[in-house]
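The structure under discussion appears below in the form of structure tokens.
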Amino acid sequence: MSQMSADKPFDNVVEEDAALEKMGYQAELKRSFNLLSMIGFCFSIVTCWSALSGVLIIGAESGGPPVMVWSWLGVCAFSLAVAYSMAEMCSAYPVAGGQYSWAAILAPRKWARGFSYVCGWFMLTGILAMGAVNNFITAEFILGVAVLNNPDYVITRWQTTLVAYGVAFVGLGFNVFLPQLLHKVSRFFLIWNICSFVIIIVTILACNDHKQSASFVFKDFQNFTGFGTAYTAILGLLQTAFGMCCYDAPSHMTEEIVNARKEAPRAIVLSVWIGAATGFVFLIAACFCIGSIEGVAGSATGVPILQIFYDSTGSVAGSSCLTVLLIVIDIGCANALTAEGGRAVYAFARDNGLPFSKVWSKVDAKKQIPVFAILLTVLVQIALNSIYFGTVTGFNTVVSIATEGFYVSYAMPLLVRVLSRLSGKETPLEGPWSLGRWSLLVNIIGLLYLLFTSITFNFPTVNPVDSENMNYTSAAIGVIMLIAIITWVTTGRKNFAGPPGAVIEGRSQHDSEEVSTVGHHTKEME
């Protein structure tokens, strides 16, 4: 019996690798993740409650605690519709390309290549920009602790940027030199995340003796934006939406998951459920313990949640320790985002979606990781962090396009999925994870939510609007589209063929063989 149990994971690996080859790719990455380690990996990135701590004050000023708390329930419900829809697609097509691969397979063959290509660019934008955002947030937490312990210390932008670089290099170092520990470390961060959540919630609720009223948390509308009530409520909803994204991570790690067709979809959905529960409890606890919104927003530490910790405990040491728990979580997030970004770059390059694709798609034969793709991921993160040297407004735009990139890339495969089903030209999803008769309804609900958020993420957040507080997301998205068009005209139109398993018009047999060969040549690195 024990021998049969030992053989089962090996059989699953062989079966998954064979399925991957049927889709046109050679298995090059080591399958070391199981369900628990992948949930840990995904939740390290999603980690809704700690992500919400970074945008807490924005939501507090845009409708206040009632909007944050109640909109969180709505955001989570709609996000679950998206997550279940993505899980269904991931189960049928478990490839590292994720969204852009599904878009190519499900879209009408005439425009599948171009549609998939644009989706790939939005996907990469979201993942790489979110990595830069996380580096920045971690740097703010570290320097915030320094200010709390040394009130005379003044944070400068160049210091924040350099610390963000350091966080990026930590993720790079681990992913390049200790990749064999990634699945084990993911389990550790899952335990650390949940334990930190419990410690922080219990501590601030137990120590805070001047809590806000239930009316303040659940009823009293706060508006510091200068806009009307309805518009402000939408802004508050969008800030909570920032806390619930990135749950596509398992789809980019499918080629490293044992029994990926079953476990990757489960990891996607369970990470959202865990994030929804922890995020809801955290929001309520933080809103009860918040002091004056103006005081927290103007904290000398520059970190609103750190000020809440201090106001609740009255202890510099205690507040510092609670913040260190978050810093460790964010370092784990940096590590996971670097790994996810490296796999996404590798997958897109494997399909000739990037300039110099043969370089970025190489896999180290010994470590079984895409080293150059990981290096490019960190290089882009550092470049985005460098924007903070010159302009605060410019980097705030990076925060916006990170979320926008994810949501648009989620919406594109869902859009073609819904249209194909309504037109009767559906590409069947033959995976073990199926929504059955509820599939179309869940897909439509998820798509409408993604379209709504993708549009409203471009709205200004403060009135009156000027050059300093303007939301430049639409301009940044325009730049991304311009880059995508230029690369499509110069290299993509000739070389990008999409997933080899997709039936795409405009791709010759030679193109398909060329793309498949990209996956075979990458074992040159020794």
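The values are calculated or read from the model by the stated rules, or taken from the named source; none is laboratory data. As the structure is a computational prediction, the values presented were derived from the model and not from experiment. Counting neighbours? That spans all protein chains shown, and the Cβs are built from the backbone with ideal geometry, glycine included. With ligands, DNA and RNA removed, areas are computed over all heavy atoms of the protein, side chains included. Shrake-Rupley method; radii C 1.70, N 1.55, O 1.52, S 1.80 Å.
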Coordinate range along principal axes, alpha carbons of the range 89-134, Å, largest first: 37, 23, 10
Using only the Cα atoms of the range 105-259, what do you get for the radius of gyration and for Dmax, in Å? 21.2, 64
Under the rule of -39500 (n - 2.57) per DSSP H run of 4 or more residues, summed and divided by the residues of the chain, what mean residue ellipticity at 222 nm is obtained, to the nearest 500 deg cm²/dmol? -23500 deg cm²/dmol
How much accessible surface does Arg157 have with a 1.4 Å probe, in Å² rounded to 10? 90
Whole-Å semi-axes of the range 365-485's equivalent ellipsoid, largest first, each the root of 5 times a Cα gyration tensor eigenvalue? 33, 24, 11
Lysines within cross-link reach of Lys262: Cα-Cα under 19 Å, excluding same-chain residues under 8 positions apart? Lys8, Lys22, Lys30
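With all protein chains present and a 1.4 Å probe, how do Thr161, Thr491 order by accessible area, largest first?
Thr491, Thr161
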The percentage of the accessible area of the chain (probe 1.4 Å, all protein chains present) made up of carbon and sulfur atoms, to the nearest whole number, is 66
Residue-level accessible surface for Phe188, protein heavy atoms, 1.4 Å, Å²: 100
For the range 410-464, Rg(Cα) over 2.2 N^0.38 Å is 1.48
Hull volume in cubic angstrom per residue (convex hull over the Cα atoms of the range 365-429): 126
Mean accessible surface per residue for the range 1-156, computed with a 1.4 Å probe while every protein chain stays in place, in Å²: 32
What's the ranking of 301-310, 64-73 by average number of surrounding C-beta atoms within 10 Å, highest first? 301-310, 64-73
Enumerate the calculated ³J(HN,Hα) couplings along the range 30-38 in order (Karplus 6.51 cos²θ - 1.76 cosθ + 1.60, θ = phi - 60°), each rounded to whole Hz, writing x wherever the residue is Gly or Pro. 7, 8, 10, 8, 10, 4, 4, 5, 6
List every residue whose amide H lies under 5 Å from the amide H of Ile369, counting only residues 5 or more places away in sequence or on a different chain, with H placed 1.01 Å from N in the peptide plane. Asp364
Contact order normalised by residue count of the chain, Cα under 8 Å, 6+ apart, percent: 32
Remind me, relative contact order of the range 272-420 in percent, using alpha carbon pairs under 8 angstrom and six or more residues apart? 11
Heads up, the chain by the C-alpha gyration tensor (a ≥ b ≥ c square roots of eigenvalues; a/c under 1.5 rounded, else a/b over b/c prolate, else oblate) looks prolate
Using only the alpha carbons of the range 67-143, what is the convex hull's orientation-averaged projected area in square nanometres? 7.3
